[in-house]
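The values are calculated or read from the model by the stated rules, or taken from the named source; none is laboratory data. Only a predicted model underlies this, so the values are computations on that prediction, with no experimental measurement involved. Here Cβ is always computed from backbone atoms with ideal geometry, including for glycine, and neighbour counts include all displayed protein chains.
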Amino acid sequence: MSEWDAVAVGSWRDTGGRSTGTRAGVMLLLALMLLALAQPAQAVRPRSRASQPAASQPAGPGTPSWIVINAATGEELSSQEPDRPGAPASMTKMMLALLVMEAVRDGQLKLSDPVQASRLASKMGGSQVYLKEGETFPVEDMMAALLIGSANDAAVALAERLTGSVGGAVRRMNDRAGTLKLTQTRFGSVHGLPPSPGQEGDITTPRDTARLAQELLKFPDILRWTGTPEAPFRGGVFILRNSNKLIGKLSGADGLKTGHFREAGYNVATTAKRGNLRLVAVVMGAPTNKARFEEAARLLGEGFTRYVEVSVIKAGSLVEKDVRIARAKGAFRPMVANDVQVLVKREERDQVKTSLEIQPDLRAPLARGQAVGVLIVRVGDREVARTPLVTAGEVKRKAFWWLTPWK
């Protein structure tokens, strides 16, 4: 018997020989009390599944932003919030690597030049190769540590070798971002570690990082490092292991850089080449290490299936249009100097067209192999390739040409 049932029975007994009206009043009171109990029970009854509101979509690192581009042209294949800013983490090292390679290209550095670790470099945390103050390695080894092992101490050592100070390197990184028109990118470090209190953090977007990757890919040595699964350092005492899990697992994958800390999520700027097509995919803010690589692999795979290589014309082939020039004995057909192959989206393969652009004011005679113009390849209105046109043989002058000297 419940607490409320016991009170009701007791009240009934206490009334003894009271009138029927009193008993009726008690009965009414009991009914009202039971009704009051029933109302809260009804209010908390769970709704059916159909009436439940839909769960909201996850935000932040649960919904990564990404972009896929053709590395040769910069053409965007697909994207999801490619301009959403986020912390690049160790992808920051891509810009430092670019500055080092440009210095090598310009003769300011050699890969064999020594880089000495400073006290600051020796005290860096996170991923590192445990440089000791005063320890010296060539630029080549430091770049391997930077791009394979993502070593923060190597980043500081290279930055100091490049500009004399970490601050100077950061300024140069931001200046280079400006010349590349990376409008949503700002660097506060050379390594991408989480900023200390009061320190400015690094920030970028998938679109800006893909553009940076394009520039970095101009240097073949970059892929020699980023495409290496592991390599010895310090004479094999330390083994550098690449954190890019697509290397050796995804067909054609050979770079570029990963990045992660808690607030940034899991990032990767990756590239792969199949045939003559190279793609770049950048994923930022993935929720897990596995998710970033699965997403990048999916994006690259879809990108490669969208493109097809079209052989337009072979070197030595004659164009299918007669060309007439002043004083020539007759029309002639120019010859294509090089093979012409273009990569186009599958749905555009039937839109590939060619046209000739002949040099003005040509007059016979012309020697064999003389340049006469260019063959232009377009997809719709977009030019995608061009190659020189030359004479396949001598173009002779017609007889009595002097009778029409104005021609």
Condition (residue is crowded, with 23+ Cβ neighbours inside 10 Å, touching a residue at least 24 places away in the same chain (Cβ under 8 Å), touching a strand residue (DSSP E or B) at 6+ places or on another chain (Cβ under 7 Å) and not in a loop (DSSP other than H, G, I, E, B)) applied to region 158-179: is it met by at least one residue?
yes
Flagged in region 116-130 as aliphatic (A, V, I, L, M) and farther than 13 Å from HIS191 by Cβ, in numbering order, are ALA117
Those residues of region 365-392 which are without any contact (Cβ under 8 Å) to a residue 60 or more places away in the chain and outside any strand (DSSP E or B) amount to PRO365, ALA367, ARG368, GLY369, GLN370, GLY380, ASP381, THR391
Of everything in region 96-137, what is under 19 Å from SER165 (Cβ atoms) and under 27 Å from the mean Cα position of the chain (by Cα)? Give them in sequence order.
LEU96, ALA97, LEU98, LEU99, VAL100, GLU102, ALA103
Within region 318-351, of all residues that are buried (at least 16 other Cβ atoms within 10 Å of the Cβ) and small (Gly, Ala, Ser), the one nearest to THR73 (Cα to Cα) is ALA337
Selection from region 194-218 of residues outside any helix (DSSP H, G or I) and either buried (at least 22 other Cβ atoms within 10 Å of the Cβ) or of a type in the set (Phe, Trp, Tyr) (or both) yields ASP202, THR204, THR205
Return the residue satisfying two criteria in turn: it lies in region 219-271 and is surrounded by fewer than 20 Cβ atoms within 10 Å (Cβ to Cβ) and of a type in the set (Phe, Trp, Tyr), and of such residues it is nearest to ALA151 (Cα to Cα).
PHE238
Just to be sure I understand the filter: pairs with C-beta atoms under 9 Å, separated by 6 or more residues or on different chains, first member in region 338-363 and over 19 Å from GLY303 (Cα atoms) and not assigned by TED's automatic domain parsing to the domain that holds GLU320, second member modelled with pLDDT of 90 or more and not acidic (Asp, Glu). Which pairs pass?
none
Do we have any residue at all in region 51-63 that's modelled with pLDDT of 50 or more and touching a helix residue (DSSP H, G or I) at 6+ places or on another chain (Cβ under 7 Å)?
no
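Identify all residues within region 337-364 that are within 16 Å of PHE304 (Cα to Cα) and in a strand (DSSP E or B); write none if there are none. I'd like the intermediate steps shown before the answer.
Restricting attention to region 337-364, the residues satisfying the condition of being within 16 Å of PHE304 (Cα to Cα) are 342-349.
Correct list: VAL342, LEU343, VAL344, LYS345.
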Any pair with Cβ under 6 angstrom, 6 or more apart, that starts in region 105-117 at a residue that is over 13 Å from ALA157 (Cβ atoms) and ends at one that is part of a strand (DSSP E or B)
SER112/PRO138
